[in-house]
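Only one structure is covered here, and it is reproduced in the block below.
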Amino acid sequence: MSRSLMKDGRPRSPFSIVTMTILALLWTIPTLGLLVTSFRTRDDAATSGWWTALFNPFGADWTTSNYSGAWTGADLSSGFVNSIIVAIPATVIPIMFAAFAAYAFTFMDFPFKEFFFLLIIAVMVVPIQVAFQPMLNILGPRGLGISGQYIAVWLLHTGFGMPLCIYTLRNYMSTLPRSVVESAKIDGCSHFQTFWKLVAPMSIPAIAAFATLQFLWVWNDLLIAKLFLKSENTTVIVKLQQLLGSQGQGQELLTAGAFITIIVPMIVFVTLQRYMIRGMTSGAVKG
């Protein structure tokens with residue numbers, strides 16, 4: 001009996017198959033527990049493990065009231081709208097500026113280029129939490145006066161997301177054939193034309209990959225949205241967090257609300273997931 005082969009003709013490793021299956025199960029079990037708990041009452045979830053409900057699939061322990069309670073209690077509909085208003089510009093703006101910067105670091109020569117690139121890499125290791133107080137002062141009433149508005153959150157996510165985006169896109173663009181850029185230069189194309197007509201289309205996998213990650217980061221963000229947005233335009237994640245009272249009230253609604261809030265990220269991830277591996281690994285090895 002012949003062994004199964006992968007697309008490139010190499011034999012499949014039984015050890016790899018078993019390892020990936022075990023890892024997939026370990027990764028899925030907590031999510032399965034969260035899903036089962038979202039259909040249980042608070043008393044049942046507090047007195048027995050979620051796995052006990054699996055042995056009684058047609059019992060009276062199951063309920064859908066958590067989902068209706070989470071949707072109405074937290075006003076998730078307006079939260080979804082606010083999250084989309086926050087997430088889309090906070091994804092597009094940093095990628096737009098980072099793509100131009102990555103092109104400059106890859107195909108242009110200017111003084112202290114390597115120093116500036118290393119400076120951007122150094123910024124990546126600075127925790128964003130240390131910037132919250134200075135940003136509150138700058139964006140608050142004594143500064144620009146935009147704290148609480150969408151633009152404040154757009155600026156913060158742009159600043160915090162650009163270093164990694166520049167690093168990722170620059171590594172990807174460094175793998176592109178320089179002969180194409182040199183040919184465009186000989187034909188009289190400006191840097192903007194070269195970027196827009198050649199480099200940007202060839203960098204779509206990396207751009208789409210980072211766009212997916214940036215969108216997920218912004219959508220799931222709690223701290224920035226909680227500190228820099230007013231209550232009337234806060235995001236769905238903040239509204240979900242507000243379901244939990246100081247004494248643990250509403251904890252049975254959190255599991256249901258969690259699955260409601262992942263609808264949009266799942267759609268984005270499934271739509272762009274084919275670019276993820278290509279975009280994030282293409283710049284890892286040159287050759």
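The values are calculated or read from the model by the stated rules, or taken from the named source; none is laboratory data. This one's a predicted model, so the numbers in the text were calculated from it and none came from an experiment. Heads up, the Cβs are rebuilt from the backbone with ideal geometry, glycines too, and the neighbour counts pull from every protein chain shown. Accessible surface areas use protein heavy atoms only, side chains included; no ligands, DNA or RNA. Shrake-Rupley method; radii C 1.70, N 1.55, O 1.52, S 1.80 Å.
Only residues in the range 204-231 that are of a type in the set (S, T, N, Q) count as the first member; pair them with residues that are in a helix (DSSP H, G or I) and open to solvent by less than 20 Å² (accessible area, probe 1.4 Å), Cβ under 8 angstrom, at least 6 apart or cross-chain, and list the lot.
Between residues of the range 204-231 that are of a type in the set (S, T, N, Q) and residues that are in a helix (DSSP H, G or I) and open to solvent by less than 20 Å² (accessible area, probe 1.4 Å), the close pairs are Gln214/Ala90; Gln214/Thr91; Gln214/Pro94; Gln214/Ile95; Gln214/His157; Gln214/Gly161; Gln214/Cys165; Asn220/Pro265.
Scan the range 38-79 residue by residue and report those that are surrounded by 17 or more Cβ atoms within 10 Å (Cβ to Cβ), among the acidic types (Asp, Glu) and either without any contact (Cβ under 8 Å) to a residue 12 or more places away in the chain or assigned to a loop (DSSP other than H, G, I, E, B) (or both).
Residue satisfying the conditions is Asp61 alone.
With respect to the numbered conditions (1) in a helix (DSSP H, G or I); (2) under 20 Å from the mean Cα position of the chain (by Cα); (3) free of Cβ contacts under 8 Å to residues at least 12 places away in the same chain, which one is the sole condition not fulfilled by Pro134?
(2)
Against the condition surrounded by fewer than 15 Cβ atoms within 10 Å (Cβ to Cβ), among the aromatic types (Phe, Trp, Tyr) and on the phi > 0 side of the Ramachandran plot, how does Phe112 come out, does it pass?
Here the answer is yes, as Phe112 does meet what is asked.
Pull up the range 135-172, narrow it to residues that are open to solvent by 50 Å² or more (accessible area, probe 1.4 Å) and of a type in the set (Ser, Thr, Tyr), then point me to the one that is nearest to Ala87 (Cα to Cα).
Tyr150
Within the range 242-250, is even one residue in a helix (DSSP H, G or I) and either open to solvent by 70 Å² or more (accessible area, probe 1.4 Å) or aromatic (Phe, Trp, Tyr) (or both)?
no
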